[in-house]
Amino acid sequence: MIENDIKLDFSDVLIVPRPNTLVSRNDVNLEREFQFTNSGRIWTGIPIMVANMDTTGTIDMVRQLQEFHILTCLHKFYEPEDIPIDELNPDYFAISCGTSEKELEKLGRMVEIVKPHFICLDVANGYRHDVIEKIKHIRKLYPGITLIAGNVVTPEIVKEYYENGVDIVKMGIGSGSVCTTRLKTGVGYPQFSCIVDTKKEIPENCFIISDGGIQTVGDFSKAYGAGADFVMAGGMFAGHDECSGETIEENGTKYKIFYGMSSANAMNKHYGGVASYRSSEGKCVKLKYRGPVQQTVEDILGGIRSTMTYVGAKQMKELHEKCSFIRVNNTVNRIYNNNEV
Ligand code: 5GP
């Protein structure tokens, strides 16, 4: 079976500006209110999420980004006692978790002690048969917590997640900056089309995250324009002071190490090696040290504001209806190809 329509990445499209009445970038509002069907919670903030990778999903990142009302998904290797609950606003971080018994047991302790507003159930292959069972289990145990789960790339399974208790479905397979899944497995879905093709098939309050593949600030706007309710990024937030991971210096230039969560690095660090039955589906790169994350965040927010004035979107939610796209070229994500270590 083959579907012949060409599927697109962010780098294959551009947004067409349209005449509108917005005068300045201050006329636009980057915060959006969400009412989550399954948890019943209401959340207001800028719908950006920092990826729950162990380099970017850190407590220091939450500290900085909560000031901007941006969510950080903490990586799953924290213990409950690592979380300084008095300093963190529970509206701006998620506790991450895998599907093993051990991880679900730790989640129980996390919920008890940290009292999170968001849980992020993260599985590399969200199509695994047991994931729906875990979703039902988590929803039953923690009815009032907003549940993020993924990763998947097609609308049928997004609907299934939603109907079984997920509030926000994380979408994207193979588009990440340090991901090698497409090379190792041949599996994936170009990120822009993944969002466009799904958005038109799902109920309005079934929210989706475009996760992975943001290479430039403009890609955030393209993702919202495509129909993403949230955009998650790892690489864009990597290399900063708030990130964990080694810092190295070569010929007077400082670098920070950034790696995929399925890379040999991550598996060596957290699981004592790559199990013989699985392959490493992530890479390790060195990025030029980028200083405090605040500047990067301001750059991202400035870019989105500017897009909104080009297309006449006063509110984030309007970006989807106001953006029309043209197809321009066809490239792959080569951003870190020269940085591999
Ligand atoms: P980025 O914003 O850096 O392009 O993508 C971040 C996303 O890449 C993460 O949120 C996660 O979904 C995905 N990711 C992180 N590490 C790995 C990995 O080792 N392998 C794969 N396949 N995906 C990864």
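The values are calculated or read from the model by the stated rules, or taken from the named source; none is laboratory data. The model shown is predicted, which means the values in this text are computed figures rather than measured ones. Cβ: placed from backbone, ideal geometry, glycine included. Neighbour counts: every protein chain shown. Surface areas here come from the heavy atoms of the whole protein model, side chains and all, with no ligands, DNA or RNA. Shrake-Rupley method; radii C 1.70, N 1.55, O 1.52, S 1.80 Å.
Annotations for the structure displayed:
- Any pair with Cβ under 9 angstrom, 6 or more apart, that starts in region 120-145 at a residue that is more than 21 Å from Arg109 (Cβ to Cβ) and more than 14 Å from the ligand (Cβ to nearest atom) and ends at one that is of a type in the set (Gly, Ala, Ser) and in a strand (DSSP E or B): Val131/Ala149
- Only listed residue being open to solvent by less than 50 Å² (accessible area, probe 1.4 Å), touching a Cys at 6+ places or on another chain (Cβ under 8 Å) and hydrophobic (A, V, I, L, M, F, W, C), chosen from Leu71, Leu121, Leu88: Leu121
- Checking each residue in region 220-243 for being aliphatic (A, V, I, L, M) and assigned to a loop (DSSP other than H, G, I, E, B) picks out Ala228, Ala238.
- Counted residues, region 270-302 - those being over 21 Å from His75 (Cβ atoms), part of a loop (DSSP other than H, G, I, E, B) and open to solvent by less than 70 Å² (accessible area, probe 1.4 Å): 2
A quick yes/no check of all residues on (1) in contact with a Gly (Cβ under 8 Å, 6 or more places away or on another chain); (2) within 27 Å of Ile138 (Cα to Cα); (3) near the ligand (Cβ under 9 Å from one of its atoms); (4) open to solvent by 20 Å² or more (accessible area, probe 1.4 Å):
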{"site": "Gly186", "(1), (2), (3), (4)": "no, no, no, yes"}
{"site": "Tyr189", "(1), (2), (3), (4)": "yes, no, no, yes"}
{"site": "Val196", "(1), (2), (3), (4)": "yes, no, no, yes"}
{"site": "Gly213", "(1), (2), (3), (4)": "yes, no, yes, no"}
{"site": "Gly218", "(1), (2), (3), (4)": "yes, no, no, yes"}
{"site": "Ser221", "(1), (2), (3), (4)": "yes, no, no, no"}
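- Leading residue by the ranking (farthest from the ligand (Cβ to nearest atom)) among those in region 274-290 that are of a type in the set (Lys, Arg) and farther than 17 Å from Ile248 by Cα: Arg278
- If you check Lys102, Lys76 for being under 27 Å from Phe258 (Cβ atoms), under 20 Å from the mean Cα position of the chain (by Cα) and open to solvent by 10 Å² or more (accessible area, probe 1.4 Å), only one passes: Lys76.
- Residue selected from region 1-15 under the condition under 12 Å from Arg327 (Cβ atoms) and exposed (fewer than 12 other Cβ atoms within 10 Å of the Cβ), by the criterion nearest to the chain's Cα centre (by Cα): Ile6
- Residue that is within 16 Å of the ligand (Cβ to nearest atom) and more than 21 Å from Gly213 (Cα to Cα), where the choices are Tyr255, Tyr271: Tyr271
- Pairs, first charged (D, E, K, R) in region 36-53, second assigned to a strand (DSSP E or B), C-beta under 6 Å, six or more apart: Arg41/Thr146
- Wholly enclosed strands (runs of 3 or more DSSP E) of region 1-69 bearing at least 2 residues at pLDDT 95 or above and under 24 Å from Gly150 (Cβ atoms): 32-35, 42-50
- Residue count, region 236-252 (criterion: more than 9 Å from the ligand (Cβ to nearest atom) and either aliphatic (A, V, I, L, M) or under 24 Å from Ala124 (Cα atoms) (or both)): 5
- Test for Ala226: is it open to solvent by less than 20 Å² (accessible area, probe 1.4 Å), among the hydrophobic types (A, V, I, L, M, F, W, C), within 16 Å of the ligand (Cβ to nearest atom) and closer than 24 Å to Phe118 by Cα: no
- Matching residues, region 243-260, being within 27 Å of Met171 (Cα to Cα) and open to solvent by 20 Å² or more (accessible area, probe 1.4 Å): Ser244, Gly245, Ile257
- Subset tally (residues that are open to solvent by 10 Å² or more (accessible area, probe 1.4 Å), part of a loop (DSSP other than H, G, I, E, B) and aliphatic (A, V, I, L, M)) for region 125-170: 2
- Considering only residues in region 168-206 that are more than 16 Å from the chain's Cα centre (by Cα) and among the hydroxyl-bearing types (Ser, Thr, Tyr), the one that is farthest from Tyr224 (Cα to Cα) turns out to be Thr185.
- Residues of region 171-184 satisfying the condition of being within 9 Å of the ligand (Cβ to nearest atom) and either assigned to a helix (DSSP H, G or I) or touching a Cys at 6+ places or on another chain (Cβ under 6 Å) (or both): Thr181, Arg182, Lys184
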